[in-house]
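**Q** Quick one: this structure, given as structure tokens, is what I'll be asking you about.
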Amino acid sequence: VERGSSAAMDITVSITDYKSLSQSELIMRNLFATVQIGNNSKSSRGVTVEEAKFRSGTIENPLVLTLKNSQTETVMYVRNIPMSTVLERSGLYNQWVAVYPPGDPQNFHFDAAAVPKVGCPQVCISVSIQEDLLSTAMPVPRSDQYLQQRNSVGFDFQPHQRLSMDDAAKAEVRRSIDSLAPDLDVHRFGQPRPSSGSLCPPGSGGLGAGSVEVDSTVREKELQAQRIKEHVAEMASAQKRAQDVSRVLQDNLRILDDMKRQLKGLEMQIAEQRVATQLLERDRDQLLAEEAQLEDQIRSREIAFRELRESRDEIDRELTRVLSESERQKNAMRPP
């Protein structure tokens, strides 16, 4: 289905839901979406977008979806959606679409029928296009009537009626067919069909010079056909090689996507291990501080115990001295 590339269109874009954009609640709170067509862009406060209106005069401008972090102004994900994809679906497109980091090669190709993988960052986007009847119904020159006739229907529009051929056009087609008849006879019978006014009996000399021209024409046509066949074969081989390369590229992209997912999982595990290590280091520091306090308390008690023992020894010595003095006095007081 083909459409004119310069028809004015009213475009409505909405983002109704999203999945697997980030595992961080802080990042999710700061994410917001921007949708852009041509030089016009509209932003929302969050990821969801409610009926952003655009007006475009060409289908060459794609819909560019951008998801940014409002805190760091970092572009997290992008996605380009061709307007031709929406027009091919009667002007209405509502589906889950995968989004990719900036520079990801997967964003360069858009498959409207592809379903995002489970766990892949994705948004549910709705796009509707309504063609402007006044702009698409403007008269065009005769040379563009057939192009206008081939334009497909828009949203809520009926297809144009086919243009009928007039007698002059039919006569022109007949003359073209008649002019191709001699070449067709050469390929079918080996020589052109003689006209009714110049029929010659077999074996007459009227075909001598004509047969040479016919042979050269046949050889030239055969060479042209052979070159066309070789060119077609080369194109088919190139197309097959391109398909093989595209298939290998898709496989590599899937492998790269899986590796990125594994890398994100490993990064999360590393972050968790770092947090656990920090907690253990904090507990270790607390235990070391408590150990130092206990050692100080032990030293203080040892000093107090030493002082107490010295005091006890001093008291014992004083008691012994007093007892000795008392005993001496008693002995002195006894009669001889």
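The values are calculated or read from the model by the stated rules, or taken from the named source; none is laboratory data. Quick caveat, the model's predicted, so the values are computed rather than measured. Heads up, the Cβs are rebuilt from the backbone with ideal geometry, glycines too, and the neighbour counts pull from every protein chain shown. When the accessible area is computed, the model is the full protein with side chains, heavy atoms only, and any ligands, DNA or RNA have been set aside. Shrake-Rupley method; radii C 1.70, N 1.55, O 1.52, S 1.80 Å.
**Q** Any residue at all in region 260-273 that is closer than 30 Å to Ser20 by Cβ and β-branched (Val, Ile, Thr)?
**A** Of all residues in region 260-273, those closer than 30 Å to Ser20 by Cβ come to 260-273.
This time we only want the ones that are β-branched (Val, Ile, Thr), so: 270.
There is at least one residue in region 260-273 that is closer than 30 Å to Ser20 by Cβ and β-branched (Val, Ile, Thr).
**Q** Quick test of your reading of the structure: Val75 fulfils all but one of (1) aliphatic (A, V, I, L, M); (2) out of contact with any Pro (no Cβ under 7 Å at 6 or more places or on another chain); (3) part of a strand (DSSP E or B). Name the failing condition by number.
**A** Of (1) aliphatic (A, V, I, L, M); (2) out of contact with any Pro (no Cβ under 7 Å at 6 or more places or on another chain); (3) part of a strand (DSSP E or B), only one is false for Val75: (2).
**Q** Of the numbered conditions (1) open to solvent by less than 30 Å² (accessible area, probe 1.4 Å); (2) of a type outside the set (Ser, Thr, Tyr); (3) touching a Cys at 6+ places or on another chain (Cβ under 7 Å), Val99 fails exactly one; give the number of that condition.
**A** (3)
**Q** In this structure, is Glu213 at pLDDT below 85 and either open to solvent by 100 Å² or more (accessible area, probe 1.4 Å) or under 30 Å from Gln106 (Cα atoms) (or both)? Reasoning before the result, please.
**A** Working: at pLDDT below 85: yes; either open to solvent by 100 Å² or more (accessible area, probe 1.4 Å) or under 30 Å from Gln106 (Cα atoms) (or both): yes.
Answer is yes for this residue.
**Q** On to the next question. Please tell me if Arg45 is over 20 Å from Cys120 (Cβ atoms) and either outside any loop (DSSP other than H, G, I, E, B) or open to solvent by 70 Å² or more (accessible area, probe 1.4 Å) (or both). Break it down stepwise before answering.
**A** Numbers: over 20 Å from Cys120 (Cβ atoms): yes; either outside any loop (DSSP other than H, G, I, E, B) or open to solvent by 70 Å² or more (accessible area, probe 1.4 Å) (or both): yes.
So Arg45 passes the test.
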